[in-house]
Each structure stands twice: as C-alpha cells, then as structure tokens.
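Chemist: Dropping a structure here in structure tokens format, bear with me for questions.
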C-alpha cells in the first residue's frame with residue numbers, strides 16, 4: 001500500500017497533466033467541427049485497419065473448413081459427372097448408329113471417387129507413405145488409386161475401418177503405368193529416391209519422339225487409374241548410342257509437401273477384371 005501511495009506522490013503531476021490534456025482534447029473535439037471531423041477520420045482509419053487485420057486472421061483460420069468443403073464438393077461433382085456419363089451411355093444404345101459418333105463415352109464412367117484428407121505424410125524418407133482418414137467402412141480397399149487436384153499421388157496398400165495407408169509415388173516400390181501424351185509410348189514411372197519433385201520414366205523405346213516439356217499421363221492399362229490423369233512433364237532426357245531405352249527425368253505434377261485433400265479412385269469392375277486376368281495367368 002505504501003508503494004502505491006509513493007507511486008501516486010511521485011507521478012501525481014504527470015498524471016494530473018495527462019488528465020487535463022485529455023479533458024482539453026475532448027472539449028476541443030466536441031466543440032469544434034473541424035477538429036471533430038479530423039478525429040473521426042483518423043479514428044476510422046485506425047479502426048478500419050484493425051478490422052481489416054482481424055478479418056484477415058479470421059479468414060485465414062477459416063480456410064481449413066472452406067477447403068474441406070471444397071474438396072467434398074469437387075468429389076461430389078466428379079461422381080455426378082460419372083453418373084451422367086453412365087446415363088448417356090445407356091441412352092446412346094437407343095440412338096441410331098449414324099448419330100453415335102458424337103456420343104462417345106470414355107472409360108472414366110466406370111470409376112467413382114471417395115474424398116479423403118491426408119493425416120500423415122512423409123517426403124524425406126527413402127520409402128514414403130501417406131495415411132488417409134478413410135477406410136473400409138467408406139468403401140476403401142487395397143489397390144485403389146489416389147489422386148490430388150494436380151495429379152497422381154499413389155496406391156492404397158492397407159485399410160482399416162477408418163483409415164488407409166497409401167504407397168506414395170515417392171517410394172522405390174511404386175510403379176505407375178504412364179505414357180507420353182503426344183507420341184503415346186508408354187512405360188513406368190519410378191522414383192529415384194532423391195528429389196520429391198522428380199521421378200524417372202523408364203521403358204520408353206529409342207524410336208519414340210520424346211520432347212522436353214511433354215506431358216506424362218496415366219496409360220489406363222490397369223484397374224487402378226483411368227487414362228489421362230496427370231503424372232508430370234518431361235524435364236530432361238538422354239539416349240546413349242548403346243541403349244534401347246531413354247533415360248527420362250520427369251517433374252512430378254503433385255507437390256507432396258503440400259498435400260491436404262485427395263480422392264481415392266474406385267473402379268466399379270475391378271473384381272471382374274482381376275479375376276479374369278488371374279484365370280489367364282494360371
């Protein structure tokens with residue numbers, strides 16, 4: 001208590017000056033139109049800046065919910081698009097042959113998409129995996145493809161009721177069937193274990209006309225990915241005189257360090273296709 005009294009005694013003159021200054025400014029602003037307008041404009045600038053900053057912070061933290069809603073909405077639209085293609089295919093059977101040339105329905109109609117969020121991801125290991133928040137109860141099964149808005153991500157390895165583990169493209173055990181978009185020669189995309197933004201396209205024969213910047217897309221030669229999904233672009237390539245295949249470096253379309261929302265691809269006729277292929281192999 002004594003310290004408080006000493007504080008007031010020591011700074012009483014300064015505190016009295018501040019109080020009188022505030023009263024003087026208040027009287028000047030309230031009874032002078034010019035000073036009142038200046039004060040109002042200044043306060044509007046300050047409060048406006050504070051509101052803008054607060055709004056920016058609020059919007060930033062609100063992006064999480066918005067992004068999740070957008071991911072679900074995009075997946076819904078994709079599935080709706082596939083359903084419309086199926087209906088178009090059914091209707092095209094009733095159209096005369098002469099008119100069917102304009103109603104081509106791609107193989108993509110046989111796929112549907114399951115939205116998921118990445119809850120664990122690695123990019124700096126030699127063997128990288130992802131964990132997603134969807135599992136068996138959501139219709140997820142092993143050997144389903146996983147894609148982002150930019151391109152291929154990987155393949156589901158295992159699934160529990162609520163989660164699944166994905167073999168990332170950034171894993172030497174991953175091999176994605178791809179083809180060059182222009183020359184249409186196909187091979188396999190593998191990761192060299194070094195750069196998370198680059199991969200190698202192998203098995204492209206020497207007679208292929210490879211071009212820098214050419215897009216690399218999925219070949220569709222499996223029940224995992226439909227044809228035409230982005231994988232990357234040709235960054236660099238080399239062909240030695242004694243080699244039968246190119247050495248092609250690919251810049252991957254997917255930035256694995258920024259993955260948040262993905263889609264799991266389910267092929268409607270996978271069981272039938274796999275069963276038939278197993279019978280042939282026997």
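Chemist: Got a sec? Which of 119, 114, 155 is in a strand (DSSP E or B), loosely packed, with under 15 Cβ neighbours inside 10 Å and within 16 Å of the chain's Cα centre (by Cα)? If you could, list the steps in order and put the result at the bottom.
Modeler: On the way: 114 fails: loosely packed, with under 15 Cβ neighbours inside 10 Å; 155 fails: loosely packed, with under 15 Cβ neighbours inside 10 Å.
Testing whether each residue is in a strand (DSSP E or B), loosely packed, with under 15 Cβ neighbours inside 10 Å and within 16 Å of the chain's Cα centre (by Cα) leaves just 119.
Chemist: Further question on the same structure: Has the stretch 214-221 got at least one residue that is under 27 Å from the mean Cα position of the chain (by Cα) and closer than 24 Å to residue 117 by Cβ?
Modeler: Applying the first criterion (under 27 Å from the mean Cα position of the chain (by Cα)) to the stretch 214-221 yields 214-221.
This time we only want the ones that are closer than 24 Å to residue 117 by Cβ, so: 218.
Checked against the condition, which is being under 27 Å from the mean Cα position of the chain (by Cα) and closer than 24 Å to residue 117 by Cβ, the stretch 214-221 yields at least one hit.
Chemist: Further, regarding this structure: Within the stretch 197-217, does at least one residue satisfy the condition of being farther than 13 Å from residue 186 by Cα and buried (at least 21 other Cβ atoms within 10 Å of the Cβ)?
Modeler: yes
Chemist: May I ask you to list the residues in the stretch 198-219 that are touching a strand residue (DSSP E or B) at 6+ places or on another chain (Cβ under 8 Å), in a loop (DSSP other than H, G, I, E, B) and more than 11 Å from residue 234 (Cα to Cα)?
Modeler: Step one: of the stretch 198-219, the residues touching a strand residue (DSSP E or B) at 6+ places or on another chain (Cβ under 8 Å) are 198-206, 208, 210-219.
Within this subset, residues satisfying the condition of being in a loop (DSSP other than H, G, I, E, B) are 203-204, 206, 208, 210-214, 219.
If the condition is that a residue be touching a strand residue (DSSP E or B) at 6+ places or on another chain (Cβ under 8 Å), in a loop (DSSP other than H, G, I, E, B) and more than 11 Å from residue 234 (Cα to Cα), then 203, 204, 206, 208, 219 are the ones that fit.
Chemist: Quick check on my filter: what residues within the stretch 239-257 are in a loop (DSSP other than H, G, I, E, B) and in contact with a strand residue (DSSP E or B) (Cβ under 9 Å, 6 or more places away or on another chain)? Walk me through it before giving the result.
Modeler: If we filter the stretch 239-257 for residues that are in a loop (DSSP other than H, G, I, E, B), which is where we start, we get 239-244, 246, 253-255.
Across the stretch 239-257, the qualifying residues are 239, 240, 244, 246, 253, 254.
Read the figures in this text as sums done on the coordinates, not as results from a lab. All of these numbers come straight from a predicted model, not from anything done at the bench. Ideal geometry is used to build each Cβ from the backbone, glycine not excepted, and the neighbour counts take in all protein chains shown.
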